[in-house]
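Colleague: I have a structure here, written as structure tokens, and I will follow up with some questions on it.
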Amino acid sequence: MAEFDLAIRGGTVVTASDTTRCDIGVRGGRIVQLAESITGASREIDASGLLVLPGGVDSHVHLDQESGPEIRMADGFESGTRAAAAGGTTTVLAFAKQEKGTSLRDCVMRYHQKAAGQALIDYGFHLIVSDPTPSVLNQELPALFADGCTSFKVFMTYDDLVLNDRQLLEVFAVAKREQALVMVHAEGYDTIKFLTAKLEGEGKTAPYFHALSRPQLVEREATHRAISHAELIDVPIMIVHVSGREPMEQIRWARGRGLKVFAETCPQYISLTADDLKGDNMDISGGKYVCSPPPRDHASWAAIWEGLKDGTFQTFSSDHCPFYYDSPEGKLHPKAKTSFRYVPNGIPGIETRLQILWSEGVAKGRITANEFVALTATNHAKMYGLYPRKGTIAVGSDADIVLWDPNRKETIRQDILHHGADYTPWEGFAVTGWPVMTIACGRIAVEDGKVFSRPGDGQFLRREISPYVRAA
Ligand code: URP
Ligand code: ZN
Ligand code: ZN
């Protein structure tokens, strides 16, 4: 019998800390040897001329999430994880959203049912807490944390999700007690409501005005408020999908005070702008870019690059939140024509996250290949209790690996992607750097765009307490 199921030979292994020419031996879905030369495998893959990276970990994706009456998400766990794998990602953390008035536990059961037998790659759940009743706070959340869902998201905006300050403090206190990591959507609800009503009153209803209804100060104010609450409770928080300098300044200020405030950003904040929401001459096609916070401007891109380089950001996630464009269940919902406020918020990006960061970051000399790995894989696994099983190439880790051609030039186009949405916001975007093979738990998941993994190959990941939260 061969010593290894698989050997990846001749490549250059890049981790968050090192770049090494070595072979990788895989057995039983795990990495069991790293050596100058590995022979004696049932199957050998020639990686010469390629980089060998840990598979991406995308810690912010929305799949098959209930999105309001008459709206349907374009990806469930099957198509979403297929697209992830095709883009070089081997682990996703999706949200299990509580509907107000319902049990969080039942909601998580429902997401288990949605994902079971569907996912092509491994997945875990963050919880979304929208109704923090005493039983949710005192019974359901602790039980769900013990079941491996060790992080949850709270929202400071959206009618169906917003928590008031008292509720935020209450859930932060539970996170402190139970050592869970809180993710915060920091945009101020009342200010957005005020600005939306004002814009609508002036007849400014096209998708572009979505951006004007949520300027950076809305994000800055909410970020500051979330930080103050976290300081009061003495609990670490993660501010997700940060879009520009103003919220970043709050995060740096908090860190300067010794607070554990972490931050995430996304491809849209280094590659799209509010002008994209103008569509064709301010028409409804601008809805393709409606997400929250909205994409900003070139100065914001520059600020985000500073933050990716200087450690302000730990994670670079997709915030994949896919809706169809040409559908009444998506961006062209009949009411969306009457106001930007009815355009479903979110854009698809699970399959293009790595290419955009590599191309704009590594290929253009803004970040190193090791920083790329940290931002797209290792830090996600560390932050969310999956390390070192996920997010690195090391003996004992799952054999989640992407063979990366750093020189391959491609143009992102809807017709080469695998996601369920009927468009990509990056249509025509030229990139350098592309995944040529994705290996998930030792199996070839995708090769040259052809998907070999099957629904059900991905398993639910029970996560540990985040080491960034664990009490000393
Ligand atoms: O517009 C966005 N980002 N929609 C997804 C939900 C969220 O807030 O992450
Ligand atoms: Zn959010
Ligand atoms: Zn999101």
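Colleague: Which of the GluC sites (Glu not before Pro) across segment 163-233 are loop residues per DSSP, with 11 or fewer other Cβ within 10 Å?
Modeller: The qualifying sites are Glu202.
Colleague: As a test, work out the antiparallel percent of DSSP beta bridges whose residues both lie in the chain, rounded to the nearest 5.
Modeller: Antiparallel bridges: around 45 percent, rounded to the nearest 5.
Colleague: Let me ask something else about it. With +1 on the Cβ of every Lys and Arg and -1 on the Cβ of every Asp and Glu, and nothing else charged, how large is the dipole of segment 55-370 about its Cα centre, in debye rounded to the nearest 20?
Modeller: So the dipole magnitude of segment 55-370 works out to roughly 440 debye.
Colleague: For segment 396-410, in order, what is each residue's ³J(HN,Hα) by Karplus, 6.51 cos²θ - 1.76 cosθ + 1.60 with θ = phi - 60°, in whole Hz (x at glycine and Pro)?
Modeller: x, 6, 4, 7, 9, 9, 10, 8, 10, 9, x, 10, 5, 9, 9
Colleague: Could I ask something else about it? Which value results when the Cα radius of gyration for segment 55-370 is divided by 2.2 N^0.38 Å?
Modeller: The value comes to 0.94.
Colleague: Name the aspartates and glutamates eligible as straight-distance cross-link partners of Lys198: C-alpha to C-alpha under 19 Å, and not fewer than 8 places from it in the same chain.
Modeller: Asp159, Glu187, Asp190, Glu219
Colleague: Considering Cα pairs under 8 angstrom that are at least six residues apart, work out the relative contact order of the chain and quote it in whole percent.
Modeller: On the way: 1177 pairs, mean separation 103.3, N = 472.
About 22 percent, as a whole number.
Colleague: Taking θ as phi - 60°, what are the ³J(HN,Hα) couplings along segment 349-358 by the Karplus curve (6.51, -1.76, 1.60), each to the nearest whole Hz, with x for Gly and Pro?
Modeller: Values per residue, Gly and Pro as x: x, 5, 9, 10, 4, 5, 4, 5, 5, 4 Hz.
Colleague: Output the peptides 307-319, 426-438, 273-285 sorted from most to least packed, where packing is the average of other Cβ atoms within 10 Å over each peptide's residues.
Modeller: In decreasing order of mean packing, 307-319, 426-438, 273-285 become 307-319, 426-438, 273-285.
Colleague: Would you please give the residues with an amide H less than 5 Å from that of Gly76, counting only those at least 5 places away or on a separate chain, with H modeled from the backbone geometry?
Modeller: Asp64
Colleague: What residues have an amide H closer than 5 Å to that of Phe452, excluding those fewer than 5 places away on the same chain, when H is modeled at 1.01 Å from N in the peptide plane?
Modeller: Val446, Glu447
Colleague: Ordered by residue, what ³J(HN,Hα) values in Hz, to whole numbers, does segment 280-292 give under the Karplus form 6.51 cos²θ - 1.76 cosθ + 1.60, where θ = phi - 60° and Gly and Pro are x?
Modeller: Rounded to whole hertz, the list is 8, 6, 6, 8, 5, 5, x, x, 4, 10, 6, 8, 10.
Colleague: Taking the Cα centroid of segment 181-236 and of segment 355-406, what is the distance between the two, rounded to the nearest whole Å?
Modeller: With segment 181-236 and segment 355-406 each reduced to a Cα centre, they are spaced 31 Å.
Colleague: Please list the non-local residues whose amide H lies under 5 Å from the amide H of Gly279, H modeled 1.01 Å from N, same-chain partners needing a gap of 5 or more.
Modeller: Gly286
FYI, it's all coordinate maths here, none of it is from the lab. Because the structure is predicted, anything quoted here is derived from the model rather than measured. No Cβ is skipped: glycine too gets one built from the backbone with ideal geometry, and neighbour counts run over all protein chains shown.
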